[in-house]
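*Asks:* One structure, as structure tokens, below. Some questions next.
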Amino acid sequence: MVETSVFRERYRNEYIGKYYSGRLHFVFITLWCACGIGICLYYIQRPTLLQLAVIPLTFLYTNLFEYLGHRYPMHHRTRFLQAVFKRHTLQHHHFFTSDYMNYDSVNDLRIVLFPPVLLIFFSAFFVAPVFAIIYHFFSLNAALLYVATTLAYYLNYEWLHLAYHLPQTHWVYRVPGVLTLRKLHFRHHDLHQMDKSNFNISYPVFDFIFRTLK
Ligand SMILES: [Zn+2]
Ligand SMILES: [Zn+2]
């Protein structure tokens, strides 16, 4: 715990600038996703059952993306994604250890939420091209449902991960299931377990399928 406190102080001095605002970071991510979802819902018109099937398919696709991204580049040093490894394994996992999981101040969100620039990057280079492909080969409704589901999934992921690093007395733990999900993430934060189990940060679908649920 002392070691973690020292790491936190060092991290704050080095990476949290005096103009950074955790509240603003949270609001930006929430508004970006909420506006995107709102725009999609506005343009979706009478979706068919087949088009609605995009929702569970997108859920599974993003859950797999979350699982693989976390299991491999975030926990293994790779040539092109060094920064992802550094931010997650070397920083997030040393800022929060299984015996010191709660954040101390709202500006510690800097190491919990994805940087806004990464969200814009993912939206432009991962979500937009898939939108274009689905629109081209299927329909506008299906493409909009894909974007809305991806943004909703991502926002839910960020909110859940933030909740896991809040004290257990927080009201969010009255929401059914959140406490159970938090326990899984706690186990993942054990430094001896972090590269072995519980790679789904939101819902452990692919941890279950790949037998890494502990
Ligand atoms: Zn975490
Ligand atoms: Zn991890």
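The values are calculated or read from the model by the stated rules, or taken from the named source; none is laboratory data. Remember, it's a predicted structure, so these values are computed and weren't measured experimentally. Please note: Cβ atoms are built from the backbone with ideal geometry, for glycine as well, and neighbour counts cover all protein chains shown. With ligands, DNA and RNA removed, areas are computed over all heavy atoms of the protein, side chains included. Shrake-Rupley method; radii C 1.70, N 1.55, O 1.52, S 1.80 Å.
*Asks:* Hey, any idea what Rg/Rh is for segment 138-183, computing Rh the Kirkwood way over Cα pairs?
*Replies:* Rounded to two decimals, Rg over Rh is 1.20.
*Asks:* Please arrange LEU181, LEU191 by accessible surface area, largest first, computed with a 1.4 Å probe and ligands excluded.
*Replies:* Most to least solvent-accessible, the answer reads LEU191, LEU181.
*Asks:* For a quick check, take a GNM of the chain with Cα springs below 10 Å and name the residue from ILE111, ILE44, ILE55 with the largest mean-square fluctuation.
*Replies:* Ranking ILE111, ILE44, ILE55 by mean-square fluctuation puts ILE44 first.
*Asks:* To the nearest 20 debye, what is the magnitude of the charge dipole of segment 1-70 about its Cα centre, counting +1 on the Cβ of each Lys and Arg and -1 on the Cβ of each Asp and Glu?
*Replies:* 220 debye
*Asks:* Taking 7 Å along the Cα-to-C-beta vector as the label spot, tell me the ALA34-LEU191 distance in nanometres, rounded to one decimal.
*Replies:* 3.9 nm
*Asks:* Also, I was wondering about something else. Write down the radius of gyration of the chain and its Dmax, each obtained from C-alpha positions, in Å.
*Replies:* Gyration radius and largest Cα-Cα distance of the chain: 18.0, 57 Å.
*Asks:* Whole number in Å², please: accessible area per residue of segment 1-66, 1.4 Å probe, ligands, DNA and RNA not counted.
*Replies:* 73 Å²
*Asks:* Compute the signed sum of charges (Lys and Arg +1, Asp and Glu -1) over the other residues within less than 9 Å, Cβ to Cβ, of THR212.
*Replies:* Summing Lys and Arg as +1 and Asp and Glu as -1 gives +3.
*Asks:* Restricting to Cα pairs below 8 Å that are 6+ residues apart, what does the relative contact order work out to for the chain? Please round to a whole percent.
*Replies:* With pairs under 8 Å counted, the relative contact order is 30 percent.
*Asks:* Hey, which lysines would be in cross-link range of LYS183, C-alpha to C-alpha under 25 Å, not counting anything within fewer than 8 residues on its own chain?
*Replies:* Within reach: LYS86, LYS196, LYS214.
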